[in-house]
Amino acid sequence: MLAPRAGVANDYLSFLERKAQLGSDDGFSPSWMPDFLFDFQSALTTWALRKGRSALFEDCGLGKSVQELVWAENVTRRKNRPVLIVTPLAVNAQMTQEGAKFGIDVRRSDDGTARAGLNVTNYERLHLFNPNDWAGVVCDESSAIKSFAGKRRKVVTEFMRKIEFRLLATATAAPNDFVELGTSSEALGQLGHMDMLNRFFKNDQNTSDTSKKWRTHGGGGDKWRFKGHAESHFWRWVCSWARAIRKPSDLGFDDSRFTLPPLIENQHIVKAARIPDGQLFETYAQGLWEEREEQRRTIAERCDTAAELVRHTNEPAVLWCHLNDEGKMLRKLLPEAREVSGADSPERKEETFAAFANGSARLLIIKPKIGAWGLNWQHCAHTVAFPSHSYEQRYQSIRRFWRFGQTKPVVVDTVTTEGGMLVLKNLQRKAKQADDMFTALVSEMNNSIKVNRAAQFDRESEVPSWLSSIK
């Protein structure tokens with residue numbers, strides 16, 4: 001047998017190196033579990049440390065940030081090496097403030113430098129860092145990697161691939177699709193995305209059977225449904241590396257400290273000044289092209305209504321838009337408002353976020369893709385939004401305000417037109433699908449683990465009958 005040429009062998013070894021994943025799931029028991037954590041937070045953080053590589057899918061306001069900090073502090077104490085926390089833009093400043101609040105030293109790093117202890121940066125700067133410098137990595141708002149084909153997923157997954165300790169944390173693990181959980185699994189070194197699909201799902205792209213529609217998921221034209229009886233096995237597998245809660249009682253703990261005020265959702269259907277060309281009356285926009293035309297044709301009417309809703313309240317409010325022209329018109333109608341746009345530098349964005357958070361700016365105009373993740377705005381209880389098809393953007397934008405710690409009823413004013421009503425219906429469908437996912441995950445989690453009041457997670461074990469009969 002001919003020996004491979006040295007260059008070919010080296011290339012193949014390099015290929016295997018790139019594909020390799022750490023196989024161990026071993027973590028460790030925490031050496032420090034501070035008493036400022038609530039009971040359920042201690043339980044989740046302890047479980048995540050023992051697991052080593054895991055995900056915490058917790059609803060907004062349940063204290064993911066402080067759990068991430070305690071997790072990271074335990075890892076850096078254990079390994080005597082630094083840990084990197086990666087956040088959305090502008091959240092890294094909030095993370096350092098959170099650390100200072102609880103006496104945990106967190107240093108900001110924007111240039112790739114690995115300093116001792118805990119470091120925080122944002123996803124946009126991750127390419128500057130060397131993964132070999134870190135004992136552990138935390139991905140805050142990890143739904144940023146949910147897209148299987150997304151550039152960010154590839155960067156994050158490759159960066160984390162051989163880091164020993166990993167933690168993902170988000171409230172919207174897979175907002176549109178169960179199969180998006182595969183990207184989290186792959187980043188943690190569990191099943192790869194395609195391996196997960198092949199094990200639990202069947203591709204129904206060419207089927208005409210609509211009876212299984214409720215079980216059909218997928219994007220990019222592909223349709224995947226659970227194989228036979230694979231659904232319960234799928235959720236049990238997810239529970240082997242993730243924990244999900246919407247409220248502490250999902251884990252058997254007390255909810256009384258986490259009761260939310262009412263959420264008041266209003267719909268404002270604006271009449272378009274002119275109907276689409278070639279039509280006698282307004283109809284629902286069908287398809288992306290018609291929806292975009294509807295948006296642009298009704299900018300003035302929608303912005304007038306949105307501005308009027310916040311103009312005389314004397315209370316803080318955030319207006320969410322999607323088009324640059326919407327932002328420009330809102331700013332013209334509301335001269336006192338501050339706007340955050342994609343063209344702003346990171347420093348300017350952070351300065352505007354800080355101004356709104358500290359009350360020096362009453363009104364904020366922003367796109368959800370820029371500011372809907374990770375920021376704590378409990379001082380504000382009013383938001384106005386133009387809807388889109390993104391359930392995750394909708395959910396996250398509302399939860400900047402309607403979260404634990406809010407003291408007032410939160411008012412959400414949605415402004416759209418008759419032609420845009422299909423977008424709202426699609427959001428309602430996605431909301432139900434996301435709720436179904438959390439319900440299934442919490443149910444399987446409670447079936448597979450035993451939670452006790454000592455904040456420990458112990459997997460229930462079953463002794464076979466033939467073994468128990470042996471004396």
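Observations, loosely collected:
- Residue selection: Ala169 satisfies the criterion of being surrounded by 20 or more Cβ atoms within 10 Å (Cβ to Cβ) and at pLDDT below 95.
- Taken over region 49-68, the residue count meeting the criterion of being part of a helix (DSSP H, G or I) and either in contact with a Phe, Trp or Tyr (Cβ under 8 Å, 6 or more places away or on another chain) or among the basic types (Lys, Arg) (or both) is 5.
- Residue ID - farthest from Ala90 (Cα to Cα), chosen from residues in region 339-366 that are surrounded by 14 or more Cβ atoms within 10 Å (Cβ to Cβ) and polar (S, T, N, Q): Ser341
- Unmet criterion (only one of (1) modelled with pLDDT under 90; (2) under 24 Å from Ser54 (Cα atoms); (3) in contact with an Asp or Glu (Cβ under 9 Å, 6 or more places away or on another chain)) for Arg243: (1)
- Which numbered condition Glu124 misses (of (1) modelled with pLDDT under 95; (2) assigned to a loop (DSSP other than H, G, I, E, B)): (2)
- Residue pairs whose Cβ atoms lie under 6 Å apart, separated by 6 or more positions or on different chains, with the first residue in region 291-307 and outside any helix (DSSP H, G or I) and the second surrounded by fewer than 18 Cβ atoms within 10 Å (Cβ to Cβ), are Thr298/Ala272.
- Selection count, region 98-108, where residues are among the charged types (D, E, K, R), crowded, with 16+ Cβ neighbours inside 10 Å and part of a loop (DSSP other than H, G, I, E, B): 0
- Unique residue being more than 30 Å from Ser65 (Cβ to Cβ), surrounded by fewer than 19 Cβ atoms within 10 Å (Cβ to Cβ) and at pLDDT 95 or above when the list is Glu301, Glu308, Glu291: Glu308
Residue-wise test of (1) under 21 Å from Phe159 (Cβ atoms); (2) hydrophobic (A, V, I, L, M, F, W, C); (3) more than 18 Å from the chain's Cα centre (by Cα); (4) not in a helix (DSSP H, G or I).
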| residue | (1), (2), (3), (4) |
| --- | --- |
| Phe36 | no, yes, yes, yes |
| Leu44 | no, yes, no, no |
| Trp47 | no, yes, yes, no |
| Val70 | no, yes, yes, no |
| Arg81 | yes, no, yes, yes |
| Val86 | yes, yes, no, yes |
| Asp110 | yes, no, yes, yes |
| Val120 | yes, yes, no, yes |
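The values are calculated or read from the model by the stated rules, or taken from the named source; none is laboratory data. All values reported here derive from a predicted model rather than from experimental measurement. As a convention, Cβ positions derive from the backbone with ideal geometry for all residues, glycine included, and neighbour counts pool all protein chains shown.
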